[in-house]
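Inspection log for the structure reproduced underneath, given as structure tokens.
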Amino acid sequence: MKRFFFFLLLLPLALSAQQLPHYSQYTLNDYVMNPAISGKNAFFQGMSANRYQWGGITDAPRTYILSVHGPLKYDHMGVGGQLYTDIVGPTRRTGFSLSYAYHIQLSENLHWSLGLSAGIMQFMIDAQKITLHDPGDLTLTNSLQSVLTPDFGAGTYIYSDRFWVGFSAMQLQRNKLRFFDYMSNTTSVMNHHFYGMLGYRQPLGDDFMLEPSALLKYVKPAPFQFDAGVRLIYKDKVWIGGSYRNLDAIAAYMGFVYRENLVIGYAYDFTTTNIRNYSTGTHELVIGVRFNNRGLRSSSAPAPQFN
């Protein structure tokens, strides 16, 4: 029983569970899950995503991401980068990554891109937030333990102004996390995360657009998970929508674009698991800025979108 709480802390890693955070507004924040999306539009786009999960529960997950991506002056190339912090109780995952994508024009309005990302990730444990069964236990000899490890991802993406479909694999290297010198072998591993994404934009008259979409996620041996959602968009300026995430939550969201350059989106998750008995729900705020719109991509590139 001495190391019971420490065992619980590392249990999600040992069991290869979902390690990367969820995003309810995945159509706005798609770049962070697929590096092939970098440079898909004719402008650079910066995004700040802030997710506060399971309000009302002490030390519940919190995620902060700042990303930017856009096209190079050379046609068919895109670059991007992101900084992130993901906090869950006494653990913190912090890092950055850079990405490169190459876009191939398949037809007048159809494009295919391939992307790679590389970065550094630091996983930390704050022992001051852990209560051990035995106060004299030396399992955690220091107040802060951390591991620094490289991180890689890859993706592909096919898109037009009406639909998109993509696939990506993150944490490709599957690095082991050793927090102590005596840990010659460990079951704490950064596991592969696989994402599939697809969506379609259907015009409804001159002013409205209906946008069904889905995000598929798999981490072996955790259960397969998916988000299925739909947005109703008015003149590419204002939208409302909702989504369902199996084994987790139902989300409602809304957003708007101000003067073509600023986008704000908000989502609220209604938890469907037993956690709802203790939580007031999950809040997610996304703020995006479009800049450096110089029409660098060819005239046949898809129409600009905030997603």
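Each reported figure results from applying straightforward, stated rules to the coordinates on display, with no laboratory input. This is a predicted model, so every value here is computed, not measured. Every residue, glycine as well, gets a Cβ built from its backbone with ideal geometry; the counts of neighbours run over all protein chains shown.
What the table shows:
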| read-out | value |
| --- | --- |
| Ranked packing of 203-210, 119-126, most packed first, by mean Cβ within 10 Å | 119-126, 203-210 |
| Under 14 Å from K237, Cα to Cα: aspartates and glutamates that are on another chain or at least 8 residues apart | D206, D207, E211, E260 |
| Neighbour-limited loop hits for chymotrypsin sites (Phe, Trp or Tyr not before Pro), the range 8-117 (at most 14 other Cβ within 10 Å; DSSP other than H, G, I, E, B) | Y74 |
